[in-house]
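Report on one structure; see the data block that follows.
The values are calculated or read from the model by the stated rules, or taken from the named source; none is laboratory data. Worth saying up front: this structure is predicted, and the values here are computed from it rather than measured. Cβ placement follows ideal geometry from the backbone for every residue including glycine, while neighbour counts extend to all protein chains displayed. What goes into the accessible areas is simple: the full protein's heavy atoms, side chains included, and nothing from ligands, DNA or RNA. Shrake-Rupley method; radii C 1.70, N 1.55, O 1.52, S 1.80 Å.
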Amino acid sequence: MMRRLDRMMVGAVARLPFRVQTKLLMAFLAIAALLIVVGAAGLHVLTGVNDRTVELIRSERKIAAYRQVQHDTTSQLYRVTSALLANDDRTLDGALRQLNQFGYDLERLQFVAKDEGELLGRVKQEYDRFVAVVNKVVELIRHGNVAEAREVQLKEAQPLANNLERLTNQLVNKAEADMVAGIDASESAYRTAKLNVILFAIGSIGFALLLGRTISWSLVGPIDEIDARLSRIAEGDFTQRVAIANRDELGALAANVNRTCERLGELYQQLEAASQHKSAFLANMSHELRTPLNAVIGYSEMLQEMAEDEGFDQFVPDLTKIRDAGRHLLNLINDILDLSKIEAGKMDLYLEEVDLKALLEEVRSIVAPLAASGGNRLDIVYPEDLGTLYTDRTKLKQSLLNLLGNASKFTQRGRVALELRSVDEEVSFGVSDTGIGMTEEQLGRLFQAFSQADASTTRRYGGTGLGLAITKHFCEMLGGRITVESEAGAGSTFTITLPVQATPEALARPEIVAATPLATAGDQRALVMVVDDDPPSRELLAGIVRREGYRIIEAADGEAALALARSHRPDIITLDVLMPRLDGWAVLAALKSDVGLREIPVIIVTVLADRGIALSLGATEFVTKPVDRARLAAVLRENVQGGSTVLVVDDDPESRDLVGRHLDRLGWTIAEAADGSDALEWLARNTPPAMILLDLMMPGMDGFAFLEEMANHPEWHDIPIVILTAKQLGAAERELLAGRTRDIIEKGANDLASVLRRAVVRLTRSKGALAAG
Amino acid sequence: MAKILIVEDNEMNRDMLSRRLARRGYAVVTAVDGEQGLVAAEAERPDLILMDMSLPVMDGWEATRRLKAESTTQAIPVIGLTAHAMTGDRDKAMAAGCDDYDTKPVELPRLLEKIEALLGRSGMAG
């Protein structure tokens, strides 16, 4: 839920049609505005607190003034009483002065407590009367009427003073009540304000973080996505597109990446097509050029023979020239084809044990006439205990012939030598001559294509100028190298150094690897023999075979394969082609010529692209490496015994019988099971069938439960399942079945036969292709 | 006089090879594709077959395999001919049942050696 909201927000920000810069500025402004609002709120709270403090101080001053009034009233009464007792002028003046003091108090009250007008008015009234009474008392005392003065004092001044005290007390109480209420209000206002400020601050921080996160994700997400896409493009995948919602610079960038990707994809396709056209063109051209050349060479040779036989000797030299020119042209074409194959990475290696002595003698027989024609002596020197070399015979021979041919060409009446040395795990072939040699500059571009030392060389000595470039490539392909030493006028020495084994792994000794125990009683699973000399490939194939639920035996070379085939009689064989000693073609030929073994289906599994040849040599099917698991599994299933079996799971015997008859007519073998558990039992005992026809409504384990159970067995996942049911299926049920089954057929369909045929058409089509091949 | 069946689709190659072999005293019959080659082998019972490998209708590998599977023709020696000088081609030809193998363009002396070797061998066997 949160995540969805998050995605929605990020998406919404991404979709805003503004520049990234604008978005960032907007976010910044929003946060700044928030800060201002938080500050203003704080200031507002502070002002409130200040106002209330002022109010409190005012109340306090009021209370002080009221108290003063009370104090002065009491003091006045005291003074007047004293005057009655003492009766001297000084005391009387003091009492009158005290009255003035009282007047000040009242004025002060009017200043500090303007709001208490009514009460103050009454206080003033009382006060004025009090002043009048006190004056009267003082006057009476001055005139010696002390008794009367005491009378007035008691009867009039005392009650007025009491009244004044009561009134001021009222004022004090009111002010105190105000003060308490003020303190309370202030406290609660402070609390509220504090809470508001804190909440507002937290809210603002949260909002700022969310804004920052949303904006940064709306930027980082697309950048990651574009980055990932660019990586895929770099790996050569042009099919995917960047899908981001942004309508800013990143959106523009993504659109650009997509356009670039599309364009690159198109260019790549064009390039691939062009490369294929080039390869096809070269292959065609070489064929088209060779055919007429063969005629030129052949007919000129024929004419030459006839001219010699019938005495037309004067034609012989010219006919020889035609033939030689033809042969030269043919070599040129072959060299160009070789070089283009090497450059396209399409030159295959055929590694085998090469008998060096036989090879050197063959080379001698070819080079001898060439050397002799220039008046050269040919020395081929090698130690007696010459062994074998595991390499590509044709390429080594061609390389040696190239070097010796060159040596003979550029040497007159000298010596051409091939010297072979064996050092540790390497063998070196030194080809030396006493010919014209080369300068430093010529040595520099020696191994480049079309770069004979000197343009005039081609005219003088012939040759394609491709020989050394090809030789260098061959040596490198075989894991070796070629070096040269030369001095102008003194001759040249080319040295090819090759490892004793071009690829050591390929030289596995004949052995049976991990032959599993023989069939146990009741184990009717098919036995698959995997033949491959390369251990990793063999393991890979074995893994696939095991996962498909077959038993397996493995052989690491051709001889072991034949021995195991005779002793174990596998149900099917997967056969590699490029193997040392006895290769796959030879094994295939041996299998097909053995009456006891020729019925075993053989699947050629190879990097080569010789499907037609494999099938015409008797292979049942052809699978290219790297192996596609599903394809190999399907091929195995289609070709092992029982592979054309259809398992019909239905509780109704009549229904099984009906379906069985239809399938029988289509050439399928039928196995029957009455319910799900019956079917599971059958599957455990037998090789996986080509297809399962499944009824849904069955007593015991029904079709749905059976499918659940199948899901726990990965080795059965590739078996196509077709539902055959009388049940009206709801949408939910159809959806449940859709992922697991290939087709749904309703029982009671009028054209059951054609529906069944359609259901198995994919299987029959692939089988048909095999039969046709 | 030994009879040689040339199975070759290219007219000039067929013409050259048949004339040159005829000049050396062989009886020559020809066929232009694998299927015709099989028919001719059955009908003519040649002493030796020169089989081009890349043929229309049925290729040389398949034709050779069928010749070698048929009891009436399996004793006839077959020399496979291809335009490619690759070891793999040689192996494929041998795997198909060819008794020997040579590359095109044909070098007649070398081919004659092979023909004579096979005829001599089968002659002894027969």
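Put A:Met477, A:Met26, B:Met1 in order of accessible area, largest first, 1.4 Å probe: what do you get?
Ranked from most to least accessible, the order is B:Met1, A:Met26, A:Met477.
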Rounded to 10°, Cα long-axis angle of helix A:676-685 versus longest principal axis of chain A: 50
³J(HN,Hα) across the stretch B:103-116 via Karplus (A = 6.51, B = -1.76, C = 1.60, θ = phi - 60°), whole Hz, x for Gly/Pro? 9, 9, x, 5, 9, 4, x, 5, 5, 4, 4, 5, 4, 5
For the stretch A:330-432, the spread of Cα positions along each principal axis, largest first, Å: 40, 35, 19
Loss of accessible area when A meets B, both sides summed, Å² nearest 100, probe 1.4 Å: 2500
When the distances between all Cα atoms of the stretch A:75-227 are binned every 5 Å from zero, what whole-number percent does each bin get? 2, 8, 12, 12, 9, 8, 6, 5, 4, 4, 4, 3, 3, 3, 3, 3, 3, 2, 2, 2, 1, 1, 0, 0
Once you treat every alpha carbon in the stretch A:1-137 as an equal point and sum by Debye, what is log10 I(q)/I(0) at q = 0.09, 0.19, 0.20, 0.22 Å⁻¹? -0.53, -1.08, -1.13, -1.22
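Of the listed peptides A:594-607, A:548-561, A:670-683, A:144-157, what is their order by residue-averaged count of other C-beta atoms within 10 Å, with the highest listed first? Kindly include the intermediate steps, with their values, before the conclusion.
Numbers: A:594-607: 17.4, A:548-561: 23.9, A:670-683: 19.1, A:144-157: 15.9.
With the highest mean Cβ count within 10 Å placed first, the list reads A:548-561, A:670-683, A:594-607, A:144-157.
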Within 10 Å of each Cβ in B:89-98, the average number of Cβ atoms from other chains: 6
Given a cut-off of under 8 Å on Cα pairs at least six residues apart, what relative contact order in percent is computed for the stretch A:675-738? 38
What residue among B:Val106, B:Val57, B:Val29 has the largest mean-square fluctuation in a Gaussian network model of chain B, using Cα springs under 10 Å? B:Val57
Which value in deg cm²/dmol, rounded to the nearest 500, describes the helix-derived mean residue ellipticity at 222 nm for chain B, given -39,500 (n - 2.57) per DSSP H run of n ≥ 4 and division by the residue count? -15500 deg cm²/dmol
The answer for A:Asp392, listing residues at least 5 apart or on another chain whose modeled amide H is closer than 5 Å to its amide H, is A:Glu352
From the square roots a ≥ b ≥ c of the eigenvalues of the alpha-carbon gyration tensor of the stretch A:7-73, which class results: rounded (a/c under 1.5), prolate (a/b over b/c), or oblate? prolate
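In whole angstrom, how long is each semi-axis of the equivalent ellipsoid of the stretch A:320-389, when you take the square root of 5 times every eigenvalue of its Cα gyration tensor and sort them from largest down?
Calculated on Cα positions only, the semi-axes equal 27, 24, 8 Å.
Defining a contact as two alpha carbons under 8 Å apart and six or more residues distant in sequence, what relative contact order in percent does chain A show? It would help to have the intermediate numbers written out before the result.
On the way: 1009 pairs, mean separation 50.4, N = 773.
Relative contact order here is 7 percent.
Nearest 500 deg cm²/dmol is fine: what mean residue ellipticity at 222 nm does chain A get from its DSSP H runs of n ≥ 4 alone, each adding -39,500 (n - 2.57), divided by its residue count? Mind showing how you got there, number by number?
Working: 23 runs with 475 residues, N = 773.
Helix-only estimate at 222 nm: -21500 deg cm²/dmol.
Hey, could you grab the Kirkwood Rh for the stretch A:606-749? Inverse mean 1/r over distinct alpha carbon pairs, Å, one decimal. Can you show the working numbers first?
Working: mean 1/r = 0.0605 Å⁻¹.
Evaluated on the stretch A:606-749, it is 16.5 Å.
When every alpha-carbon pair in the stretch A:536-625 is counted, what percent end up more than 21 Å apart? Show your work: numbers first, answer last.
Details: 933 of 4005 pairs.
Taking all Cα-Cα pairs of the stretch A:536-625, the fraction more than 21 Å apart is 23 percent.
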Once you order the gyration tensor axes a ≥ b ≥ c over the Cα atoms, which shape class does the stretch A:169-311 get: rounded for a/c under 1.5, otherwise prolate or oblate by comparing a/b with b/c? prolate
Taking H as built 1.01 Å from N, whose amide H comes closer than 5 Å to the amide H of B:Thr30, not counting residues under 5 places away? B:Ile6
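Compute the Cα gyration tensor for the stretch A:576-617, then decide on rounded, prolate or oblate, letting a ≥ b ≥ c be the square roots of its eigenvalues: rounded whenever a/c is under 1.5, prolate when a/b is larger than b/c in the other cases, and oblate in all that remain. Walk me through the numbers on the way to the answer.
On the way: a/c = 2.23, a/b = 1.38, b/c = 1.61.
Oblate shape, in that a/c is at least 1.5 and b/c is the bigger or equal ratio.
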Between the modelled labels at A:Glu187 and A:Gln125 (7 Å from Cα along Cα→Cβ) the distance in nm is 3.9
Please report how far the C-alpha centroid of the stretch A:78-149 lies from that of the stretch A:712-727, rounded to the nearest whole angstrom. 119
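Could you work out the Kirkwood radius for the protein assembly as shown, taking every pair of different alpha carbons, averaging 1/r and inverting it, reported in Å? Let's see the in-between values first.
On the way: mean 1/r = 0.0255 Å⁻¹.
Hydrodynamic radius (Kirkwood, Cα pairs) of the protein assembly as shown is 39.1 Å.
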Among bridges DSSP assigns within the protein assembly as shown, what percent are antiparallel (round to 5)? 35
With no solvent and one point on each alpha carbon, what is the Debye value of log10 I(q)/I(0) for the stretch A:217-301 at q = 0.11, 0.12, 0.16 Å⁻¹? -0.49, -0.53, -0.70
Other chains' Cβ within 10 Å of A:604-616 residues: what's the mean? 3
Can you check what the Kirkwood hydrodynamic radius comes to for the stretch A:74-148, Cα pairs only, in Å to one decimal? 13.1
Helix A:117-142 versus the longest principal axis of chain A: what angle, 0 to 90°, nearest 10, using Cα atoms? 30
Cβ crowding within 10 Å averaged over residues, with A:688-698, A:202-212 ranked highest first: A:688-698, A:202-212
Sorting A:Leu303, A:Leu164 on solvent-accessible surface, 1.4 Å probe, most exposed first, gives A:Leu303, A:Leu164
Using just the Cα positions, wrap chain B in a convex hull and report its mean projected area in square nanometres, one decimal place. 6.8
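Determine the shielding of peptide A:88-97 by partner chains: average, over its residues, the number of Cβ atoms on other chains within 10 angstrom of each Cβ.
Partner-chain Cβ atoms within 10 Å, mean over residues of A:88-97: 0.
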Kindly express, to the nearest 10 degrees and within the range 0 to 90, the angle between helix A:535-547's C-alpha long axis and the longest C-alpha principal axis of chain A. 70
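Taking only the alpha-carbon atoms of the stretch A:106-180, what semi-axes of the equivalent ellipsoid follow from 5 times the gyration tensor eigenvalues under a square root, in whole Å, largest first?
On the way: eigenvalues 192, 30, 12 Å².
Ellipsoid half-lengths, sorted descending, are 31, 12, 8 Å.
If we sort A:227-236, A:81-90, A:407-416, A:719-728 on the protection proxy, mean other Cβ atoms within 10 Å, highest first, what's the order? List each step's numbers first, then the result.
On the way: A:227-236: 12.4, A:81-90: 14.9, A:407-416: 20.5, A:719-728: 17.9.
Result, highest mean Cβ count within 10 Å first: A:407-416, A:719-728, A:81-90, A:227-236.
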Loop sites in the stretch A:392-450: GluC sites (Glu not before Pro), DSSP, at most 16 other Cβ within 10 Å: A:Glu425
Full extension between A:Asp718 and A:Asp657 adds, at 0.36 nm per residue less the Cα distance, a length in nm of 19.4 nm
